[in-house]
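Report on the structure given below.
The values are calculated or read from the model by the stated rules, or taken from the named source; none is laboratory data. Note that this is a predicted model, so its numbers are computed, not measured. Ideal geometry is used to build each Cβ from the backbone, glycine not excepted, and the neighbour counts take in all protein chains shown.
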Amino acid sequence: MQKDHWETVYRTKPTDQVSWFQRRADTSIRLIEATGMGHAAPIIDVGSGASHLVDNLWGEGFRQLHVLDISAAALKTTQQRLGKGIADAIQWQVGDVLTHELPKQHFLIWHDRAVFHFLTQPTQQQQYIEQVRHALQPGGYVIIATFAEDGPERCSGLPVQRYSVELLAATFGSDFELVHAERETHRTPQGNEQKFIYCVLRAI
């Protein structure tokens, strides 16, 4: 991952003008709730940036929230938006998802919207999947969103790997069972459409 790139993005662009901005992460929230894990489930949002998902989940009653991003500037923005009282109750971690030390078999839900598709090399993809295997409890869920096959070829000036549902599930391999998939058309703040797929995988 490119720390300098993402620090620059979050220091120089308004967070509501980046292409991936969502005021409310409705699809992610619905899929998290559909796992049935409940409000006490430990959840990690990897590559969160300045996403409003953590705000949304807190508002829905989830309390064991962990947020990981390579950009300290992004996390500071979210903390300031939430205010000290709520921010102090959330676990914040600055680091690269490929190498950051995560607790073993701690999380019941691993959420990633638009990080995995930046990993264009097979070695990076496998590093990521090993991190998921390490950090997720058996029976826990991975909720992952990437650009679809007809989605953009680049984002924020960087190349991406586009996925079909079948390719994404195959990339994660036999340690994970595909339990749900759907498409979403995201409209950017500039009015452009981006095609995403969401997959829910269960760790076997």
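Some observations on this one:
- Filtering 70, 86 for residues that are more than 22 Å from residue 189 (Cα to Cα), in contact with a helix residue (DSSP H, G or I) (Cβ under 7 Å, 6 or more places away or on another chain) and buried (at least 19 other Cβ atoms within 10 Å of the Cβ) leaves a single hit, 70.
- Residue in segment 170-190 that is assigned to a helix (DSSP H, G or I), surrounded by fewer than 17 Cβ atoms within 10 Å (Cβ to Cβ) and among the aliphatic types (A, V, I, L, M) present: yes
- Criterion violated by residue 188 - all others in (1) at pLDDT below 95; (2) within 19 Å of residue 108 (Cα to Cα) satisfied: (2)
- Criterion: among the hydroxyl-bearing types (Ser, Thr, Tyr) and more than 17 Å from residue 53 (Cβ to Cβ) - qualifying residue of 146, 120: 120
- Restricting attention to segment 121-161 and to residues that are more than 15 Å from the chain's Cα centre (by Cα) and among the hydroxyl-bearing types (Ser, Thr, Tyr), the residue that is surrounded by the most Cβ atoms within 10 Å (Cβ to Cβ) turns out to be 156.
- Verdict on residue 54 being buried (at least 19 other Cβ atoms within 10 Å of the Cβ), under 13 Å from the mean Cα position of the chain (by Cα), part of a helix (DSSP H, G or I) and aliphatic (A, V, I, L, M): yes
- Residues that are within 22 Å of residue 180 (Cα to Cα) and of a type in the set (S, T, N, Q) occur in segment 140-159; there is at least one.
- Test: residue in segment 141-159 that is in a helix (DSSP H, G or I) and more than 23 Å from residue 57 (Cα to Cα): no
- Close pairs from segment 165-184: first modelled with pLDDT of 95 or more, partner outside any strand (DSSP E or B) and exposed (fewer than 15 other Cβ atoms within 10 Å of the Cβ), Cβ under 6 Å, at least 6 apart: 175/204; 177/204
- Taking segment 74-120 as the range and being of a type outside the set (D, E, K, R), over 22 Å from residue 29 (Cα atoms) and under 17 Å from the mean Cα position of the chain (by Cα) as the test, the residues that pass are 94, 95, 98, 99, 100, 102, 118, 119, 120.
- Residue among 11, 81, 30 that alone is basic (Lys, Arg), assigned to a helix (DSSP H, G or I) and under 20 Å from residue 158 (Cβ atoms): 11
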